[in-house]
Structure formats: structure tokens, C-alpha cells
Amino acid sequence: MANRTRRAVAATGKAVAATQKAVAKKAAMAPLATLRVLGDPVLKQKARPVTEFDARLAKLAETMIEVMEREEGIGLAAPQIGVLSCVLVWADPEDRDQVRVFVNPCITRQSAECSSAPEGCLSVPGATVEVVRAEAITVKAQDLDGVERTWELSGLQARIVQHEVDHLEGRLILDRASPEERRRVLRELRERALAGGS
Ligand SMILES: [Zn+2]
């Protein structure tokens, strides 16, 4: 999810203190780090559950965090870098923007109370769409070691996680918009592309 910069300074500092070996490893991972945008078919596909909690999974999460921070987002799902695995990362606004990794997240409860707010998405650059979401959710997710935890989230936390879980199901904010709003956003994106903007 796109939003104001909410950098996890500690995590970035760690990444900067990289050895040459780590730098080489990062270079080898570079193709993974390409952000996929609207029109890329991978964004419409459903991600597959993770079954191996290995070094490859940890590397994927690391790359996702790098991309999220590079793009100044507050959430990112694996399909957004072309990987159809049920993994999302997000910067928790309630905890000094602590970056969390959710593997195989499953929303088990949604509050009846909903709220509407504008959302941006790193995969739909330049667009803002009004999206109705549950105000509070219960979500079960595993960590990089496969340990499951249940989270009670509300407000912006709940909104970010619902947005990213949508990505894992092949849904974008445009799929949540009213037909009028969808038309408006697509028209704006087209006009911007014609004007030579990005
Ligand atoms: Zn998004």
C-alpha cells in the first residue's frame, strides 16, 4: 500500500551495514525486486500457500521489505514483485512503524462496522481510490519460522492488512471501487500517460 513514508529506520540501518557478500547476494536478487504495475497479469492471480519455511522464504521477505521501503510504501504483497506466494509485509503504524511479515495470512473475523477512506497502491501509481473496509479484523498468520499467531487489528492497521490480503487473492483497489470511480481513475491514468507523466 502506498502512503506517507513510514520508514523502519532500524531495519534500513541493518541493511546498509552489509558485507560485500551480502551486496553480491542482493545484486543476484535484483530481478525479483521489479515492482509490477497495473496491466501485469500476475496481479490478477491468486497466490499459493507457503509450505517451506526456509532461507528462500526469508530472502523473499527481505527483498519485499527492501522494495516497500524503496518505494516508500507501507505494505507490499509478494505478487507485486511477481512472486505468487502468500506473503505480505507491512509497516505497523501503531508500533513505531515496525515492519511485520505475514506468511499465509487468513482473515478469520471482520467487524460489521466499516469505514471508507482513500487508498493508494504501489501497483497503481498515481491513483487514489475510496475503499470501504471492515474497521477491525482478526487475522491468523505465520512468521518466517512457520509459527502461527493471531492478531487483532483495527483502523489503519486493519486497512493495510486487508489491502495486502486482497493482493494475495488477485484483487486491486480498482476492483473495490464503484464503477464510476473505476472509470474516473482509469481515465485519469490514461490522461497522465498521454501527457507523458508517470
Ligand atoms: Zn496495493
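Where a number appears in this text, it was derived from the coordinates with a stated rule and is not lab data. Predicted, not measured: the structure shown is a model, and the values here were computed from it. Because the Cβ atoms are built from the backbone with ideal geometry, glycine has one as well, and the counts that use them run over all protein chains shown.
So here's what we get for this one:
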read-out	value
THR63 being crowded, with 18+ Cβ neighbours inside 10 Å and farther than 24 Å from LEU174 by Cβ	yes
Filtered residues of segment 52-81 (kept if part of a loop (DSSP other than H, G, I, E, B) and within 14 Å of the ligand (Cβ to nearest atom))	GLU71, GLU72, ILE74
Residue within segment 103-117 that is buried (at least 20 other Cβ atoms within 10 Å of the Cβ) and either of a type in the set (D, E, K, R) or without any contact (Cβ under 8 Å) to a residue 24 or more places away in the chain (or both) present	no
Where THR150 falls short, out of the listed (1) more than 16 Å from the ligand (Cβ to nearest atom); (2) buried (at least 16 other Cβ atoms within 10 Å of the Cβ); (3) polar (S, T, N, Q); (4) over 14 Å from ALA77 (Cβ atoms)	(2)
Hey, VAL131 over 15 Å from the mean Cα position of the chain (by Cα), buried (at least 21 other Cβ atoms within 10 Å of the Cβ) and within 16 Å of the ligand (Cβ to nearest atom) or not	yes
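Conditions (1) among the hydrophobic types (A, V, I, L, M, F, W, C); (2) farther than 17 Å from HIS163 by Cβ, marked per residue:
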position	(1), (2)
VAL50	yes, yes
GLU66	no, yes
ARG70	no, yes
GLN98	no, yes
PRO125	no, no
GLN142	no, yes
